[in-house]
Amino acid sequence: MNLDELAQSAAAELAGLKSPDDAERFRIKYLGTKGLLKQASDHLRTIPADQKRAFGQQLNVLKNELTSKFEAARKELATAKPAAGSLTDVTEPGCLKFDRYQPGSLHLINQTIESLTDLFSKMGFAVAGGPELEDEFHNFDALNVPATHPARDPLDNFYLERPSGAQPFMLRSQTSSVQIRVMERSKPPIRIVAPGRVYRPDTVDATHSFMFHQLEGLVVDTDVTMVDLKTCIDQFARGFFGSDVQTRFRPSYFPFTEPSAEFDVLFHYPDGSTRWIELGGCGMVDPAVFAKVGIDPEIYTGFAFGLGIERVAMRRHGIGDIRAFYENDVRFLSQF
Ligand code: DAH
């Protein structure tokens with residue numbers, strides 16, 4: 001009888017035990033009263049005296065080792081759960097047993113659009129929209145952008161190929177086109193905001209993208225003044241970023257407003273420092289724009305503004321790279 005072989009086969013079987021039943025079969029086969037170790041003990045009596053000592057010692061070591069290893073394995077099997085999927089308790093409520101779908105959430109851009117339109121609707125604005133595929137008239141002509149203006153450069157816009165002589169189409173480069181769409185279809189008083197996508201062939205980097213979102217605002221009524229514009233921007237900034245922010249206007253130029261301004265918000269940083277951040281453009285609607293849509297500038301005045309939605313979301317949440325919005329990395333998106 002070869003104890004090495006016995007030890008080897010016992011070790012292999014021990015490693016393959018999968019259930020308490022397997023363990024019991026193993027116990028009977030090796031450790032039972034008629035088991036292989038008992039047979040080895042019987043064999044000990046029959047071997048020549050000079051080999052007895054070595055065989056007996058090896059047998060003892062093997063017996064101790066197998067017994068303790070077997071006990072450990074049996075304990076483990078008694079407490080182990082059945083392998084996943086091997087058993088289904090059909091009486092368990094399904095929702096505890098199986099993974100449920102993780103509910104997603106609105107994309108941060110849409111959340112930002114919602115909180116902006118919520119805020120502006122409290123300030124009396126309706127939400128309007130217009131097409132992303134625009135014609136030059138709504139994107140430029142009616143907004144008083146001269147035919148030679150650099151903003152019309154084909155390198156700065158996505159124009160569509162069209163049969164020669166046909167009206168040029170483009171992906172809108174600004175939501176200001178919605179001002180025209182709204183004034184064409186409605187009469188003053190007008191008080192709208194228009195969120196949406198705009199497209200410009202910019203090289204993508206941390207602050208630029210070929211597609212981004214703007215929110216346009218337009219108010220047209222009798223007696224609308226620059227004071228109303230300043231108050232509106234101030235209320236928006238406080239409502240959106242918190243009551244401790246300050247705003248300022250810097251003189252600027254846009255073809256569709258006169259006078260025009262860019263507006264900045266003063267942010268306070270945790271280290272005590274402050275910084276003016278430019279958020280958008282605004283101004284009093286140019287009478288030339290009213291003329292294009294048949295609104296009498298002798299009766300009505302108005303103001304308009306436009307801001308970058310990614311930009312305000314980045315400021316509000318401390319996001320440093322615009323590309324994070326479009327990469328759809330769930331680790332980023334699920335934070336909001
Ligand atoms: N459309 C401008 C842009 O994309 C932003 C803007 C400036 C909108 C002034 C306005 C405005 O309504 O009055 O840069």
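General remarks:
- Taken together, Ile113, Ile109 contain a single residue that is in contact with a Gly (Cβ under 9 Å, 6 or more places away or on another chain) and at pLDDT 95 or above, which is Ile113.
- All of (1) at pLDDT below 95; (2) within 11 Å of the ligand (Cβ to nearest atom) hold for Leu218 with one exception: (1).
- Near pairs, Cβ below 8 angstrom, 6+ apart or cross-chain, from segment 130-147 (under 15 Å from Val289 (Cβ atoms)) to any residue that is of a type in the set (Asp, Glu) and modelled with pLDDT of 95 or more: Asn144/Asp286
- Residue in segment 287-296 that is open to solvent by less than 50 Å² (accessible area, probe 1.4 Å) and more than 14 Å from the ligand (Cβ to nearest atom) present: yes
- Residue within segment 223-233 that is among the hydrophobic types (A, V, I, L, M, F, W, C), closer than 26 Å to His268 by Cα and surrounded by fewer than 16 Cβ atoms within 10 Å (Cβ to Cβ) present: yes
- Looking only at segment 305-331, and only at residues there that are more than 16 Å from the ligand (Cβ to nearest atom) and among the acidic types (Asp, Glu), the one that is most open to solvent (accessible area, probe 1.4 Å): Glu327
Each row is one residue, and each column tells you yes or no for (1) of a type in the set (A, V, I, L, M); (2) open to solvent by less than 40 Å² (accessible area, probe 1.4 Å); (3) not in a helix (DSSP H, G or I).
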| position | (1), (2), (3) |
| --- | --- |
| Thr88 | no, no, yes |
| Thr91 | no, no, yes |
| Ile109 | yes, yes, no |
| Ala142 | yes, yes, no |
| Leu155 | yes, no, no |
| Gly165 | no, no, yes |
| Lys187 | no, no, yes |
| Ala194 | yes, yes, yes |
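- Residue among Ser86, Ser68 that alone is out of contact with any helix residue (DSSP H, G or I) (no Cβ under 7 Å at 6 or more places or on another chain), at pLDDT 90 or above and of a type in the set (S, T, N, Q): Ser68
- Lone qualifier among Leu44, Leu17, Leu59, Leu31 - being modelled with pLDDT under 90 and surrounded by 12 or more Cβ atoms within 10 Å (Cβ to Cβ): Leu44
- Tally, over segment 1-14, of residues that are within 23 Å of Ala73 (Cβ to Cβ) and open to solvent by 80 Å² or more (accessible area, probe 1.4 Å): 3
- Scanning segment 168-184 for residues that are charged (D, E, K, R) and within 18 Å of Pro287 (Cα to Cα) yields a count of 2.
- Listing of helices (runs of 4 or more DSSP H) fully contained in segment 16-81 that carry 2 or more residues being closer than 20 Å to Met1 by Cβ: 36-46, 49-79
- Residue within segment 264-275 that is within 14 Å of the ligand (Cβ to nearest atom), open to solvent by less than 40 Å² (accessible area, probe 1.4 Å) and among the β-branched types (Val, Ile, Thr) present: no
- Screening segment 186-215 for residues that are within 16 Å of the ligand (Cβ to nearest atom) and among the charged types (D, E, K, R) and picking the one that is farthest from Glu134 (Cα to Cα) gives Arg191.
- Count of segment 172-185 residues, restricted to those that are within 14 Å of the ligand (Cβ to nearest atom) and more than 15 Å from Asp141 (Cα to Cα), is 1.
The values are calculated or read from the model by the stated rules, or taken from the named source; none is laboratory data. Everything numeric here is computed off the predicted structure, so don't read it as measured data. A quick note on method: Cβ atoms are made from the backbone with ideal geometry, for glycine too, and the neighbour counts reach across all protein chains shown. Just so you know, the surface numbers come from the protein's heavy atoms only, side chains and all, with ligands and any DNA or RNA stripped out. Shrake-Rupley method; radii C 1.70, N 1.55, O 1.52, S 1.80 Å.
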